[in-house]
Amino acid sequence: LVLTQYYHPEPNFITADVAESLATDSDVTVITAHPNYPNGEFRPGTRYHRIERSRVNGVTIWRVPMIPDHSLSPARRALSYLSFAVMAGVVAILVGGRPDTVWVYQTPFTAGLAALYFKFVWRARLVFTCADLWPESFAAAGVVRSGLVMRVMAAYNRAINRAADLIVCSTRG
């Protein structure tokens, strides 16, 4: 089971490449959002308010509704990320089956919320790929300035990382 907010045709080819490679030997299901990156707007003709299933190169892909946003508004950005996490969690529980492994491509890091169900209920291995420095990227982008909010997000980040069986990072930092 792959949980990622961004999946092909968006400019995140890592998830599609890995999912399609795994699909040669395993059943692979991806839970993702309807394409809306980088502007936070759905592409014309997208039925973004529906859950849609497709099959591409041996991978079953479930696209879930979410509230898109790519602004500097902390409230709108949080609502966007949490809307994906909630919808992905609900759909994953319904269609994800009982996976051996759940891979979360954490951009954003709220995508990891849905994976916890599979870790603690089904004892699935949990692999997180941290593509960005969360929550530090919020501060660097000027989205969050509150020390309290940053401390809460850092505590969440530590907790979700502790739940992982493996963490894959783009750098040692």
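Across region 83-173, the relative contact order, built from alpha-carbon pairs under 8 Å that are at least six residues apart, equals 29 percent.
Taking the Cα centre of each part, how many Å lie between region 61-136 and region 1-46? Using only Cα atoms, the two centres lie 12 Å from each other.
Over the chain, Cα pairs under 8 Å with separation of 6+ residues give a relative contact order of 19 percent.
The length gained by stretching the chain between V95 and A155 to full extension, at 0.36 nm per residue less their Cα-Cα distance, is 18.6 nm.
For region 1-84, the solvent-accessible area works out to 53 Å² per residue, with a probe of 1.4 Å and every protein chain left in place. For the chain, the share of accessible area belonging to carbon and sulfur comes to 58 percent (1.4 Å probe, ligands and nucleic acids excluded).
The values are calculated or read from the model by the stated rules, or taken from the named source; none is laboratory data. This one's a predicted model, so the numbers in the text were calculated from it and none came from an experiment. These accessible areas exclude ligands, DNA and RNA; they are computed on the full protein's heavy atoms, side chains included. Shrake-Rupley method; radii C 1.70, N 1.55, O 1.52, S 1.80 Å.
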